[in-house]
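Q: Got a structure for you, questions after.
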Amino acid sequence: MPHVHVHIIPRKKADLDHRGGSDAIYDMMAGEEGNIGDHMARAESKDRPGIGVDADRRKPRTEEEMRNEAQWLAEEMEKDSG
């Protein structure tokens, strides 16, 4: 598999109580708040190049680079699991 793309949504206990509870995340993801690609595309400008989705400009990463990134992410998530 040459490419996998995942969005991780950090959550904390009771973080959406003010919006009706945990299931509010589904409405948020389905609505404008969840349109990450559009937000990224609008964020890119001549003053902030490279912020938006730029798949055409990306160079493929090696398996070692992806393995190192996965290890780093696992360590970061472990820090927040306490």
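The values are calculated or read from the model by the stated rules, or taken from the named source; none is laboratory data. Please read these numbers as outputs of a predicted model, since none were measured by experiment. No Cβ is skipped: glycine too gets one built from the backbone with ideal geometry, and neighbour counts run over all protein chains shown.
Q: Is there a residue being under 14 Å from the mean Cα position of the chain (by Cα), part of a loop (DSSP other than H, G, I, E, B) and at pLDDT 65 or above anywhere in the range 36-44?
A: No; the residues of the range 36-44 include none that is under 14 Å from the mean Cα position of the chain (by Cα), part of a loop (DSSP other than H, G, I, E, B) and at pLDDT 65 or above.
Q: Follow-up question, since we're still on this one. Residues of the range 1-28 being among the aliphatic types (A, V, I, L, M) and more than 25 Å from E78 (Cα to Cα), which ones?
A: Our first condition is that a residue be among the aliphatic types (A, V, I, L, M); within the range 1-28, this holds for 1, 4, 6, 8-9, 14, 16, 24-25, 28.
Result: M1, A24, M28.
Q: A further question on this structure: Can you tell me which residue within the range 1-25, out of those that are small (G, A, S) and modelled with pLDDT of 90 or more, is surrounded by the most Cβ atoms within 10 Å (Cβ to Cβ)? Give the derivation first.
A: Narrowing the range 1-25 to residues small (G, A, S): 14, 20-22, 24.
Those still in the list that are modelled with pLDDT of 90 or more too: 14, 20-21, 24.
Values: A14: 9, G20: 9, G21: 10, A24: 14.
Selected residue: A24.
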